[in-house]
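See below for the structure under consideration.
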Amino acid sequence: MKINKLYLALFIFALIAPAALYPVFLMKVLCFALFACAFNLLLGFVGLLSFGHAAFLGTGGYVTGYLMMNAGVTPEIGIICGTIAAGILGAFYGKLAVKREGIYFAMVTLALAQLAFFFYLQAPFTGGEDGMQGVPRGHLFGFIDLSDNISMYYFVLAVFIFGFWMIHRTIHSPFGQVLKAIRENEPRAISLGYNVNDYKWVAFIISAALAGLAGSTKTLVFQLASLTDVHWHMSGEVVLMTLLGGMGTIFGPLLGAGAVVTIQNYLSGGELGNYVSIIMGVIFVVCVLAFRNGIVGEINKFVKKNFGH
Amino acid sequence: MKAMTRTLLSVAMSAALVSTGAQASLSDDKVKIGVLADMGGVYADICGKGCVAAVEMAVEDFGGKVLGKEIEVISADDQNKPDVGSAKVREWVESQQVDVVTGLVSSAVTGAVTKVLTDNKKLALIATSASNAFTTKACSPYNAHWTYNVAALANGTVKPMVQAGKKNWFFITADYAFGHALEGVATKVIESNGGKVVGKVRAPLGTTDFSSYVLQAQSSGADVVALANAGSDFVNALKTSAEFGLTEMVDVAGLLVFTANAKALDPSIAAGMKLTTGFYWDMDDQTREWTKRFRQRHDSIPAMGQAGAYSMTMHYLNAVKATGTDNSETVMKYMKENKPNDFFARNAYLRNDGRMVHDMYLVRIKKASERKSEDDIFAIEETIPGDQAYAPMLSQCDFK
Amino acid sequence: MATFLGINLFGLSGQLLVGLINGSFYALLSLGLAIIFGLLRIINFAQGALYMLGAFFAWMALQYMGINYWAALILVPLAVGVVGILMERYLLRPIANEDHLYSLLLTFGLALIMQGVFTQMYGSSGMSYAIPDALKGGTRLPFMYLPNYRAWIIVASLAVCFSTWWMIEKTKLGAYLRAGTENPAMMQAFGINVPLIVTLTFGFGVALAGFAGVMAAPVYSVSPEMGSNILIVVFAIVVIGGMGSIGGAILTGLAMGVVEGLTKYFYPEASTTVIFMVMVIVLLVKPAGLFGKEA
């Protein structure tokens, strides 16, 4: 019940937010929040640290951008195709990566993502360093003009809510319960007869596809798909968002994404531009040393300790 | 539930109204100039904070006010990333009432930014981008391109070399918009003058090790190895060429060399190289006087784009003053109809496609023994009239 | 020009040699990672940043203190080693008992900080460091002009890699190290100060990165980003080689440099991706890596 009220409050806030805040900024937060939630599905609920999620974000973005520019599809088709493409890439990468565990998993995903980076750098259709510029936002279902920031915002909000709901459903399904069991005690899950690698693989695909969904949406918002989205920095950023917000929590990634995007936006305008990387690094170090549960995790702990039973 | 939905919907719609209304009702009570450039990356020295200083200097020389309104200058770092730059500019024009954007270094960033500006009917005053796309295949009535472009570089540097009998060329090209454009234009110049391109290799922006590219150039049998890159990429490529003995075997031509890069190179490697530039600080009293004032604000000799940024800001402000408005179309019309003329803009005019045509200079990098000071880098060999340096206007870009 | 079956042998040999030079750096960096991993079971994400630090220290030493290349070759790895020791002692040790993913994240954060600090101080356009006078010039080989300094890179890196291998595999100190890897509790019981060994090992692994940084300074431009790009390649190399052996790390590093050189000759477009492709193949065929022991 309490949770439902929280959802409602957040929903209302999201509806009226563009009145006070710059809509493109809000859309950026929503896209990254979805990205972080997708990533958290893997890290927080399966215990797999992927250092290559930028590949899926970027793939979604490039595929959607390409279709919007060259095939003249409507935005919803473009986004669906981008999501599917990221899911397919996730199927390949996931198959390889789940063969290894722990830090090896992180290194393998990082290296695989770098493979994707170089592919997109050289592939003729991406525009290389120039990026894919001037992607039209198009007309949703053929008649809602998204070039207006406000309509675009509500569309992005809808996409986000869909993605968030998908993750929520996954976690609370029997499938999600098995994932949690794997995270807690993998040998036990194996001995219970679960094919652990297959479960990890499916989780990886879902996570990749949703990351692609975030990337597709982001491309429409900024009308641009670029190498930044596939660069390993982006993979690091999503780890940071999740860690800062609280991994394995529902709202953590959301909050983390909001915080990181706000910091970046705030710093990028002024003299402090070059400090972004330092500040991100410091947050990483502080989170790891003193703050491993993240903001939401710490709040939960505090609430449980003082009000819980 | 139905009532609930309705309430939410009306909240949402009023939110939409408030924010769109807010944007439309904001009147322009000042002229706001945004300077977008790479502030700390490979191109920081050729525009960066120096461009901000030059624009601020122009505003100050102009009197700080136009039509009784304040002139404000804001700046941001694009990190050479198109997404960062275009997001910033979108925010500037959509929520911060920026009227005009200048600076603009990396051609990739400029490509993305000019699209946003044209969509929003705001002017792009391009100071340091090299690609000619902004006045050709991506031309727009809202673009003005100052200083130089790839066509001027190729006509200035490549043509005399091919005509002097250097027929076989190899390109080491920066792998993005600018490099491709430069390579393309130079190739046309080479082929139309009877030369040919025997090979090319594309190196990513910010390549640290050029040795394998240099080896490819070496085994290609070319007379000239052209470096179609810029900034520290150029410096690194030339240093590696020297290390592997390439500079002794063939001519290495830097197609885009800024004073800061030429200064950073050991004269024993760079001396004698000929290149084309749009401005050189030590040209005459006028440029030296301006440079002296510029150096009080920014601690280095001005790069050509920094001088260009001053010149175009001045021309823009004059246009705003003369027309009594900051309406983009009106101001641009005035800028095209009236010739800029200052220490930078010699025999200059802004063509209808947005290309600012002015005198260019073929210069030679001086030997160590010729240099009187550490800033004494170029010797001017020849002045190239603007109409010979720049390619003719395309009819589809003739915006009156 | 010498050709064989339509292959330009001169061009090919040149690219192979350049590949071997790059391979020397890969070998030094993956060796450092392997040594650290062996004892601490962590992947040092800051290894690339420490390599960058080595190059910058060399540049700063010359710029501000007039310390020349040869002195820097000794002093800088020591300084970088000290940085590593402080890192291990004050940041990594407190979380040594947590999931190793945290130490990965911590070192990643440290890498970001170091890169950010140097970008802030020196910009990202890169500094240049002159080749020492004794190694200027070059030798004209039949197939290419080999700059002396590049030859020196190969010789010096191989010497350092080989002596490290010899020290770990053949000496008593190395035996302690290997035993500590196998069973730290047992070692402690024998009265050997395991935490000290851990700290020193970390320092040594990191010093190798510093050494590579000094070697790189004269040929690559000294820039804050020089470490991050090479590190991901080294990660792929580590996955290919597996973490099982010191010799394996060295061999894989050199071999991948050569593979990259070959690709640059035959199909340059794939030269940036070839190592990752090899990694994919190795993962399919032998997930533990070529020299890997663990499952």
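The values are calculated or read from the model by the stated rules, or taken from the named source; none is laboratory data. These numbers come from a predicted model, not from an experiment. Glycine gets a Cβ as well: all are built from the backbone with ideal geometry, and neighbour counts include every protein chain shown.
State whether one or more residues within the range C:164-175 are of a type in the set (Lys, Arg) and more than 23 Å from C:Ser128 (Cβ to Cβ).
Within the range C:164-175 (the criterion being of a type in the set (Lys, Arg) and more than 23 Å from C:Ser128 (Cβ to Cβ)), the answer is yes, since at least one residue qualifies.
Run C:Val239 past the list (1) buried (at least 23 other Cβ atoms within 10 Å of the Cβ); (2) in a loop (DSSP other than H, G, I, E, B) and report the number of the one that doesn't hold.
Single failed check for C:Val239: (2).
Can you find a residue in the range A:265-287 that is aliphatic (A, V, I, L, M) and not in a helix (DSSP H, G or I)?
No; the residues of the range A:265-287 include none that is aliphatic (A, V, I, L, M) and not in a helix (DSSP H, G or I).
Residues in the range A:250-264: is at least one part of a helix (DSSP H, G or I) and aromatic (Phe, Trp, Tyr)?
No, the range A:250-264 has no match at all.
Looking for something of a type in the set (Lys, Arg), within 14 Å of chain A (Cβ to nearest Cβ), surrounded by fewer than 24 Cβ atoms within 10 Å (Cβ to Cβ) and more than 19 Å from the chain's Cα centre (by Cα) - is there at least one such residue anywhere in the range C:281-289?
So far as the range C:281-289 goes, yes, one or more of its residues are of a type in the set (Lys, Arg), within 14 Å of chain A (Cβ to nearest Cβ), surrounded by fewer than 24 Cβ atoms within 10 Å (Cβ to Cβ) and more than 19 Å from the chain's Cα centre (by Cα).
I'd like the residue in the range B:288-317 that is within 22 Å of the chain's Cα centre (by Cα) and without any contact (Cβ under 8 Å) to a residue 60 or more places away in the chain and, out of all such residues, is surrounded by the fewest Cβ atoms within 10 Å (Cβ to Cβ).
B:Asp299
State which residue pairs qualify: first residue within 14 Å of chain A (Cβ to nearest Cβ) and inside the range C:245-274, second residue polar (S, T, N, Q) and surrounded by fewer than 20 Cβ atoms within 10 Å (Cβ to Cβ) in any location, beta carbons under 7 Å apart, and separation of 6 or more residues or different chains.
Listed by first residue and then by second, the contacts come to C:Glu269/A:Gln122.
Just the residues that are crowded, with 24+ Cβ neighbours inside 10 Å, more than 7 Å from chain C (Cβ to nearest Cβ) and not hydroxyl-bearing (Ser, Thr, Tyr), please, taken from the range B:209-221.
B:Phe210, B:Val214, B:Ala217 - these are the residues of the range B:209-221 that are crowded, with 24+ Cβ neighbours inside 10 Å, more than 7 Å from chain C (Cβ to nearest Cβ) and not hydroxyl-bearing (Ser, Thr, Tyr).
Which of the residues spanning the range A:23-66 are closer than 14 Å to A:Leu210 by Cβ, of a type in the set (A, V, I, L, M) and more than 14 Å from chain C (Cβ to nearest Cβ)?
Scanning the range A:23-66 gives A:Leu30, A:Ala33, A:Leu34, A:Ala36, A:Ala38, A:Leu41, A:Leu57.
Mind listing whichever residues of the range C:219-253 are within 25 Å of C:Trp70 (Cβ to Cβ) and at pLDDT 90 or above?
C:Ile250, C:Gly253
For the range B:222-304, please list each of the helices (runs of 4 or more DSSP H) lying entirely inside it that holds at least 2 residues being at pLDDT below 90.
B:231-243, B:246-249, B:259-264, B:267-270
Out of (1) more than 30 Å from C:Val278 (Cβ to Cβ); (2) within 13 Å of chain B (Cβ to nearest Cβ); (3) under 21 Å from the mean Cα position of the chain (by Cα), the odd one out for A:Phe117 is which?
(1)
Restricting to the range A:111-154, and then to whatever is outside any helix (DSSP H, G or I) and among the hydrophobic types (A, V, I, L, M, F, W, C), can you tell me which residue is surrounded by the fewest Cβ atoms within 10 Å (Cβ to Cβ)?
A:Phe143
Each row is one residue, and each column tells you yes or no for (1) surrounded by 21 or more Cβ atoms within 10 Å (Cβ to Cβ); (2) within 14 Å of chain A (Cβ to nearest Cβ); (3) in a helix (DSSP H, G or I).
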position	(1), (2), (3)
C:Thr139	no, no, no
C:Trp152	no, no, yes
C:Ala156	no, no, yes
C:Thr164	yes, no, yes
C:Glu169	no, no, yes
C:Gly191	no, no, no
C:Leu208	yes, no, yes
C:Val219	yes, no, no
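Which of the residues spanning the range A:90-99 are closer than 17 Å to A:Phe117 by Cα and surrounded by fewer than 24 Cβ atoms within 10 Å (Cβ to Cβ)?
Residue satisfying the conditions is A:Phe92 alone.
Which one of these is touching a His at 6+ places or on another chain (Cβ under 9 Å) and either of a type in the set (Gly, Ala, Ser) or at pLDDT below 95 (or both): A:Ala54, A:Ala71, A:Ala14, A:Ala97?
A:Ala54
Given the criterion in contact with a Ser or Thr (Cβ under 7 Å, 6 or more places away or on another chain), within 11 Å of chain A (Cβ to nearest Cβ), closer than 14 Å to B:Val35 by Cβ and not aromatic (Phe, Trp, Tyr), identify the matching residue among B:Thr118, B:Thr110.
Exactly one of B:Thr118, B:Thr110 is in contact with a Ser or Thr (Cβ under 7 Å, 6 or more places away or on another chain), within 11 Å of chain A (Cβ to nearest Cβ), closer than 14 Å to B:Val35 by Cβ and not aromatic (Phe, Trp, Tyr), namely B:Thr110.
Out of the residues in the range C:114-156 meeting the condition of being in contact (Cβ under 8 Å) with a residue 12 or more places away in the chain and of a type in the set (Lys, Arg), tell me which one is farthest from C:Tyr64 (Cα to Cα).
Among them, the one singled out is C:Arg150.
Does A:Phe39 count as within 26 Å of A:Tyr194 (Cα to Cα), aromatic (Phe, Trp, Tyr), in contact with a helix residue (DSSP H, G or I) (Cβ under 6 Å, 6 or more places away or on another chain) and buried (at least 21 other Cβ atoms within 10 Å of the Cβ)?
yes
Here is a list: C:Ala134, C:Ala212. Which entry is of a type in the set (A, V, I, L, M) and at pLDDT 90 or above?
C:Ala212 is the lone residue from the list that is of a type in the set (A, V, I, L, M) and at pLDDT 90 or above.
Of the residues in the range A:190-221, how many are over 30 Å from B:Val84 (Cα atoms) and in contact with a Lys or Arg (Cβ under 9 Å, 6 or more places away or on another chain)?
Going through the range A:190-221 one residue at a time, the tally reaches 2.
Using beta carbons and a limit of 9 Å, which pairs, at least six apart or on different chains, have the first residue in the range B:261-276 and of a type in the set (Asp, Glu) and the second one in a loop (DSSP other than H, G, I, E, B)?
These pairs meet every condition: B:Asp266/C:Ser128; B:Asp266/C:Ala130.
When only residues in the range A:155-167 that are within 14 Å of chain B (Cβ to nearest Cβ) and buried (at least 19 other Cβ atoms within 10 Å of the Cβ) count, which is farthest from the chain's Cα centre (by Cα)?
Within the range A:155-167, the match that is farthest from the chain's Cα centre (by Cα) is A:Phe155.
For the range C:75-108, name all the residues that are away from chain A (no Cβ under 13 Å) and among the hydrophobic types (A, V, I, L, M, F, W, C).
Within the range C:75-108, C:Leu75, C:Val76, C:Leu78, C:Ala79, C:Val80, C:Val82, C:Val83, C:Ile85, C:Leu86 meet the criteria.
Name the single residue that is nearest to B:Ile46 (Cα to Cα) among those in the range B:261-272 being surrounded by fewer than 21 Cβ atoms within 10 Å (Cβ to Cβ) and of a type in the set (A, V, I, L, M).
My answer is B:Ala264.
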